Amino acid sequence: MTGEALRILLVEDNEDHAELVKRNFAEHHVANTIYHVRDGEQALQYLFRQGKFASAADSPKPNLILLDLRLPKVDGIEVLKQVKSSPELKAIPVVVLTSSTSDKDAIKAYSSYANSYLVKPVDFAKFTLLMKDLGYYWLAWNKNPTASRV
Amino acid sequence: MASMRHERGAALKRFSAVFFGTRTAAVVSTLFVVAAAVPIYSVYHEIMYSERVVLPLGDKTPPRARLALDVPTEILVIGSYHVGHEFGDAEMLGILETLKAASPLLQPRIEYLDTKYYPEKEHYDRFAALIERKYGSKRLPVVMVTDDPALDFALTYRAALFPAAAIVFCGINDYTPQHLAGQQNVTGIAEALAVGETLAIALALHPLTKTIYLLDDHTATGIATRHNCEEPLTHLARQVDVHDVDPLTRRELVGLVRALPADSLILVLSYSVFGDGEVISHHALARLLSDSSRAPVYGLHEELLGYGIVGGRLLAGRSHGAAAAELALRILAGEPAASIPVVKTTPTRVMFDDTELERFGVRLDELPAGSIVVNRPVPFIERHFYLVVSTVLVILILTTAIVALGLNMGLRLRAQRIIEQQMATLETKNAELERFTYTASHDLKSPLITIKGFLGMLVGDAKAGRFARMESDIARIEGAADKMQILLDDLLELSRIGRVIGLPADFSMTAVAEEAIELLHGTVQTEGGEIVVAADMPTVYADQRRVREVLQNLIENAHKFTRPTATPHIEVGWRAEAEGPVFFVKDNGLGLEPRFFDKIFGLFDKLDPASPGTGIGLALVKRIVELHNGRIWVESEGLGKGATFCFTLPDTRRPMGRKS
């Protein structure tokens, strides 16, 4: 682990799944901070600092975005597109984390410049393993651009 | 009414789509038709009226008398004038064709006395010498003569030239028995010209006539013809001046005729020689007079007709000659000439020239009954009947083919449209199905991940002896399992809707709304809200159970989204609109933004992930309404302003499950 405090923005509408992700990260000491939003609209508001996330203190820029695809109000692909077309946000790695195994979704995600596409495993052991690897790969091995100070 | 008019408009549009393609093509083809109308009209006029046909003159078919001869027999025919004198030519034609038809052994020999050019008596002697030289040695049985000079010649010289021959004459003007005094073995046909009748006809057709000019050339023939007029002139129907024209040169005659007023009338008696000896043919004379004169010109000989005379009762040289030839054949067959009396009447026909009738404004119905009109425009269709009929038939067949092809194309277009519609329906269904399987698998997988994930957590916690989180984790697992069950139930219900729809019946919407509220076990009221049902909702014709489900879902949905701050108030009612009654379920709840108006009816689509339910309810409602050929939509003025769900159930009285 590097000394820097790493921030993950978790975009997940399913409370239970969000809880599973958070617990796994916690057990493997993956991240310092996880910010959880529950739909696409909130995600955009967080990233672009609008609405209830208008204050910069409430919405520090994340080092990684974990993005579910099927989201209420604004879906994940739309969020991905907006992030990747924003000059300030497009450097942030976006990892799609979804239960969809559909090729169509994977192609759409990669075409919109997703950095990775991961399918939530149903099996618990695999889920745990994925969370661990995900943490190590993206947050330890992977060289992330230094998030600008907020 | 309006829809019928609309349908007719659509049919017309389809028709023009088939036949014209585009508006530009329609304009172009209309211009083309207008431009084509002009030449088509002129062709029509050409076909119906323009062609004038001159009927053959003296076209009376000569009787085909037969004569049995053993040896070749010569018969001498002496013409008074020359070839080119049309009346003489016609007489000769009638004689020759009758003789030739009677027997191939009959050999007519023709000589012309040529008296128009050589009127002097010395010429007769020279001609007699020629005849003597040519025919003196032959015993001619019959000598035929046409017109007065030739008869004079024959009677004078017969004793010297052909004492044994019988003489048959024709074309004799002013015939009296004195002509033949002291002669034997002579018979023939007198040229009886219908002067009186022709004048009567002319005066009837030109009632303003004041003066009649009689035109003869003062030759022997002319004088004889003029002499013939005396008696008829005394019997004229009314008083007119009669003038004789003195011998004149061509130039003088034209000058005289030009000066004649329009209320005069010219009758050509017999005119072949001008005062200075210039000879003129019948055709040229008729043309000259007609072109120079403002007055109508009448005549007595068919040979003038068609060249400028209006008409008259006319004698045809051809039939005149033919009649004389028949007398000759009788003599050759053995009948003594003396026993054949001179024929004093000759067949004449009342004839007119349509061009001249038009010029003088004489209508066809004014003409005497039985008149023959030459130069009449003969309709093309009369002369080319079969050509016209076959052309019209061909056009009809082609038109039928075009119409048939057009209809066929219409049918094809319709079939194509149906196919396109079905393709669109199929594509929609396919997309729906794809979405259904995709979302179903996703939404079923989600709780499964939760269940397995927290079970794993539980196992770990149990082993480590950590009990703090166990209860809440088990609750999560239970929640996920419940969610799966509801999801499966709803999915089953939704799939049944597509296939099972009950028989429609008439029922009161108010009653069904109250039933639906009953089934909700008063949830709304028990939690302090109120629900109002309009008492006057109309009767609908639909599947009652499904409509109850619609109301149940909508009321449940309305209740789900009440604002925490306000008392829930739900209204079930209706309003009358042009398309029929619109039913609605209105709440004072959270409301929604316009961009979600369509999305909320989608399968598994929820606006708030935290809200209860599977996201199937409104999809179910939409499917039921659409299976009844109705529409469903939501109205809301925005967040916090409440929402109104509206739907229609048209009374189609048609089989259910068909989308229009």
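The values are calculated or read from the model by the stated rules, or taken from the named source; none is laboratory data. Model, not experiment: these values are computed from the prediction. Using ideal geometry, Cβ is built from the backbone for each residue, glycine included, and neighbour counts are taken over all protein chains shown.
If I ask for residues that are surrounded by 14 or more Cβ atoms within 10 Å (Cβ to Cβ) and closer than 16 Å to residue A:145 by Cα, which ones from the stretch A:87-100 would you list? Correct list: A:89, A:91, A:92, A:93, A:94, A:95. Screening the stretch B:407-452 for residues that are among the small types (Gly, Ala, Ser) and modelled with pLDDT under 90 and picking the one that is surrounded by the most Cβ atoms within 10 Å (Cβ to Cβ) gives B:446. Considering the stretch A:124-147, and only residues there that are modelled with pLDDT of 85 or more and surrounded by 15 or more Cβ atoms within 10 Å (Cβ to Cβ), the residue that is nearest to the other protein chains (Cβ to nearest Cβ) turns out to be A:124. Can residue B:573 be described as farther than 16 Å from residue B:625 by Cα, in a loop (DSSP other than H, G, I, E, B) and at pLDDT 75 or above? It is false that residue B:573 is farther than 16 Å from residue B:625 by Cα, in a loop (DSSP other than H, G, I, E, B) and at pLDDT 75 or above. Filter the stretch B:253-303 down to the residues that are in contact with a Leu (Cβ under 9 Å, 6 or more places away or on another chain), among the β-branched types (Val, Ile, Thr), surrounded by fewer than 21 Cβ atoms within 10 Å (Cβ to Cβ) and not in a loop (DSSP other than H, G, I, E, B) and list them by number. Scanning the stretch B:253-303 gives a single hit, B:254. Return yes or no: is residue A:103 more than 13 Å from the chain's Cα centre (by Cα), more than 14 Å from chain B (Cβ to nearest Cβ), of a type in the set (D, E, K, R) and surrounded by fewer than 20 Cβ atoms within 10 Å (Cβ to Cβ)? In short, no. For the stretch A:45-74, name all the residues that are aliphatic (A, V, I, L, M) and within 14 Å of chain B (Cβ to nearest Cβ). The answer is A:69, A:71, A:74.
In this structure, is residue A:97 more than 12 Å from every other protein chain (Cβ to nearest Cβ) and either under 17 Å from residue A:7 (Cα atoms) or in a helix (DSSP H, G or I) (or both)? Here the answer is no, as residue A:97 does not meet what is asked. Of the residues making up the stretch B:430-446, those that are of a type in the set (Val, Ile, Thr), free of Cβ contacts under 8 Å to residues at least 12 places away in the same chain and facing another protein chain (nearest Cβ under 9 Å) number 0. Can you spot a residue in the stretch A:64-75 that is touching a residue at least 60 places away in the same chain (Cβ under 8 Å), of a type outside the set (Phe, Trp, Tyr) and touching a helix residue (DSSP H, G or I) at 6+ places or on another chain (Cβ under 6 Å)? Yes, there is a match, as at least one residue in the stretch A:64-75 is touching a residue at least 60 places away in the same chain (Cβ under 8 Å), of a type outside the set (Phe, Trp, Tyr) and touching a helix residue (DSSP H, G or I) at 6+ places or on another chain (Cβ under 6 Å). Being in contact with a Cys (Cβ under 9 Å, 6 or more places away or on another chain) and part of a loop (DSSP other than H, G, I, E, B), is that true of even one residue in the stretch B:351-371? Looking through the stretch B:351-371, none of the residues is in contact with a Cys (Cβ under 9 Å, 6 or more places away or on another chain) and part of a loop (DSSP other than H, G, I, E, B). In the stretch B:93-133, of all residues being basic (Lys, Arg) and free of Cβ contacts under 8 Å to residues at least 12 places away in the same chain, the one that is nearest to residue B:317 (Cα to Cα) corresponds to B:100. Scanning the stretch B:447-506 for residues that are more than 14 Å from every other protein chain (Cβ to nearest Cβ), touching a helix residue (DSSP H, G or I) at 6+ places or on another chain (Cβ under 9 Å) and either part of a helix (DSSP H, G or I) or hydroxyl-bearing (Ser, Thr, Tyr) (or both) gives B:488, B:490, B:491, B:493, B:494, B:495, B:497, B:498.
Filtering the stretch B:253-288 to residues that are in contact (Cβ under 8 Å) with a residue 60 or more places away in the chain and of a type in the set (A, V, I, L, M) leaves B:265, B:267, B:269, B:273, B:279.
Being among the polar types (S, T, N, Q), more than 13 Å from chain A (Cβ to nearest Cβ) and over 47 Å from the mean Cα position of the chain (by Cα) is the requirement here; does residue B:399 meet it? No. Of the residues B:381, B:395, B:402, the single one that is at pLDDT below 90 and farther than 25 Å from residue B:189 by Cα is B:381.
In this structure, residue B:487 does not qualify as farther than 19 Å from residue B:550 by Cβ, in contact (Cβ under 8 Å) with a residue 24 or more places away in the chain, over 60 Å from the mean Cα position of the chain (by Cα) and surrounded by fewer than 18 Cβ atoms within 10 Å (Cβ to Cβ). When residues of the stretch A:20-44 are filtered for being within 14 Å of chain B (Cβ to nearest Cβ) and in a loop (DSSP other than H, G, I, E, B), how many remain? Number of matching residues: 3. Just so you know, in the stretch A:106-123 the residues that are outside any helix (DSSP H, G or I) and over 19 Å from residue A:63 (Cα atoms) include one that is farthest from the other protein chains (Cβ to nearest Cβ), and it is A:119.
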